[in-house]
1. Got at least one residue in the range 463-474 being closer than 30 Å to residue 322 by Cα and among the aromatic types (Phe, Trp, Tyr)?
2. Please verify whether the range 384-394 includes one or more residues that are of a type in the set (A, V, I, L, M), farther than 18 Å from residue 495 by Cβ and surrounded by fewer than 22 Cβ atoms within 10 Å (Cβ to Cβ).
3. Within the range 508-526, can you find the residues that are more than 19 Å from residue 323 (Cβ to Cβ), more than 17 Å from the chain's Cα centre (by Cα) and surrounded by fewer than 23 Cβ atoms within 10 Å (Cβ to Cβ)?
4. Return the residues of the range 472-513 that are small (Gly, Ala, Ser) and more than 23 Å from residue 394 (Cβ to Cβ); say none if nothing qualifies.
5. Does the range 304-321 include one or more residues that are of a type in the set (Gly, Ala, Ser), modelled with pLDDT under 95 and within 23 Å of the chain's Cα centre (by Cα)?
6. Is there any pair with a first residue in the range 62-78 that is outside the structural domain of residue 95 (by TED's automatic domain parsing) and assigned to a loop (DSSP other than H, G, I, E, B) and a second that is modelled with pLDDT of 85 or more and not polar (S, T, N, Q) whose Cβ atoms are under 7 Å apart and which are 6 or more apart or on different chains, and what are they?
Amino acid sequence: MAFIRGISIVLLVCSVSYTYVLLGDDEPTADITWPSEYYFKGQIVDVYNGLVQPFRIWYSAEYNRSRMELYDGEINSYYVTSSENERGGVYKILTITTGNLTNVEQCIYMSSDRDTNDFLPDTSDMNNTGSYDFNGRVIHEWKRTMEEDGEYRLEDTLLVYRTEYGVDVPVQFDQKKYGMEEGRLQQHSVTEFYDYKPSVSNDDLEIEDEDECEIVGTDFRSNLKFLHPAISLDVDIAFDGYRNHHNKKYKTKEIELRKAIFHKNWRLVVDHNRKNLGYTLAMNQYADRTDEELQYLTGTRPSRPDSKATHTFHSMEVVDELADQLPEEFDLRLKGVMRPIKQQGDCGSCWAFSSTAAVEGAISYDLGGRDVDLSEQSLVDCAWGYDNFGCMGGSLNDVFRYILDHGIPADVDYGQYKAENGKCHVQNLTSIFKIRGFGKVNRNSINSMKLALNKYGPVTVSVMASPNMKLYSSGIFYDDYCEGGYVNHGVVVVGYGVRDGDLYWVVRNSWGEDWGESGHILMSAQQNNCFLLDDPYYVIV
């Protein structure tokens, strides 16, 4: 989390080494007073991936304009406050490569009624902790320490000097983030400011050929590539577009909270995608929620060891014998046996959705493509006697025990899904789909999973839904975060494939078609990623 007025720069940066000498006789400044007009050069260095981000900034309260250049002008942003004579918004000068690899400049405009960007740090709640000598200049040190819900401790240190005109000039802004549970430094960023000038000209802030700038539309996903999470007004514009795109309705008092969470997740997405780890993240419908709030997306509990499957899977000797006969790639979606992706909503019913998808797919696979749409709501309402708890979660083997004993009705017969616990009313239904049994795939065996998919159809599994999984967009997902965690989410494996020599599972989720790759995630088969092979079950129809 950052505390910067106008530009919130939080990158993982090593600090610059200075030699400080405490001046005991120097009187600390009573408060920080930023200049109303300024020019700075600066840079940000990301120590974890070696990224160096040089910038230049201009600001004028008189002109109601500001400007920021990143990477020596490759990204050039102008901010204008709306008035009677001027339209407010951001103008971005970008370098676009044409089809014949020619670089041309393009200007785009996005409207906004936000105030002009002031890029200097927010100094609220900072305390003066001393003065230091640096190259003969008195530097005043200000600090702030805050905690976020007992999870993180934030330590900010700001170094400034005061000019003869009574305004303060920033030298360095140091930000540290500690994980309270791990007791270690998680992020460290330093923003450095150079070449201060106390005035700017109108020419510094004017956009050349402003009237020729292309006005972009309102498509959130398209516009996001033109915006930067290090710039406050860009965050405002992106958040407004996000709200409209996903039709988000907030209470007035929660808007700033949602924007802060959105901003934090946006930085996470940008930082992750920059590392080229094999999969990408995106600002999806869950980007304005914390991990704690998104616990409702999960809800699958580990299977009880005393709850036995009714069907015995092949021994490892048989699996090894059949392994060479299995196809290199296999996808039940291409065989037309999987129904469209569903959305579980604000209910921890993933266990019900993964179970119905497995039964639907097994029936369709066995009958050559018969379309069956079964009722998740009936499981939420009726399976309590089998150690399942509606929207508060369930386990995969227990729900199959319920379906084995009582069957499951079609969605059209039982009634629409409510994303709430309801009253069970299967007693009066006559059209019930039955299964003959269910089996458990050999634990932690890739070939056993492949064989089960080819022979029986979809396989339900329990995985750990990590924070990155909730923002997953595309690519082969492998997350070290799962190490040392636990399973909490029920999904369905519907196939497997190979990309660049890496085996992956095609996994069906219940978070809607807008999430991931049309509602699916490609999960790496390496090292039992996120415990996918711990608890796999298939259905016998």
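The values are calculated or read from the model by the stated rules, or taken from the named source; none is laboratory data. The structure displayed is predicted, hence computed values, not measured ones. Heads up, the Cβs are rebuilt from the backbone with ideal geometry, glycines too, and the neighbour counts pull from every protein chain shown.
1. Within the range 463-474, not a single residue is closer than 30 Å to residue 322 by Cα and among the aromatic types (Phe, Trp, Tyr).
2. Within the range 384-394, the first condition is being of a type in the set (A, V, I, L, M), and the residues that meet it are 392.
Keeping just the survivors that are farther than 18 Å from residue 495 by Cβ gives 392.
Next, from what is left, pick out any that are surrounded by fewer than 22 Cβ atoms within 10 Å (Cβ to Cβ): 392.
So far as the range 384-394 goes, yes, one or more of its residues are of a type in the set (A, V, I, L, M), farther than 18 Å from residue 495 by Cβ and surrounded by fewer than 22 Cβ atoms within 10 Å (Cβ to Cβ).
3. Of everything in the range 508-526, just one residue is more than 19 Å from residue 323 (Cβ to Cβ), more than 17 Å from the chain's Cα centre (by Cα) and surrounded by fewer than 23 Cβ atoms within 10 Å (Cβ to Cβ), namely 524.
4. 473, 474, 475, 484, 495, 497, 501
5. Here is the first cut: in the range 304-321, the ones of a type in the set (Gly, Ala, Ser) are 307, 309, 315.
Next, only the ones that are modelled with pLDDT under 95 stay: 307, 309.
Within this subset, residues satisfying the condition of being within 23 Å of the chain's Cα centre (by Cα) are none.
Checked against the condition, which is being of a type in the set (Gly, Ala, Ser), modelled with pLDDT under 95 and within 23 Å of the chain's Cα centre (by Cα), the range 304-321 yields no hits at all.
6. If the second residue must be modelled with pLDDT of 85 or more and not polar (S, T, N, Q), no pairs are left.
A quick yes/no check of all residues on (1) small (Gly, Ala, Ser); (2) in contact (Cβ under 8 Å) with a residue 12 or more places away in the chain; (3) outside any loop (DSSP other than H, G, I, E, B):
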residue: 444; (1), (2), (3): no, yes, no
residue: 473; (1), (2), (3): yes, yes, yes
residue: 486; (1), (2), (3): no, yes, no
residue: 494; (1), (2), (3): no, yes, yes
residue: 507; (1), (2), (3): no, yes, yes
residue: 534; (1), (2), (3): no, yes, no
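Residue by residue, here is whether (1) among the basic types (Lys, Arg); (2) under 26 Å from residue 118 (Cα atoms); (3) outside the structural domain of residue 477 (by TED's automatic domain parsing); (4) loosely packed, with under 15 Cβ neighbours inside 10 Å holds:
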position	(1), (2), (3), (4)
234	no, yes, yes, no
247	no, no, yes, yes
274	yes, no, yes, yes
278	no, no, yes, no
308	yes, no, no, yes
325	no, no, no, yes
328	no, no, no, yes
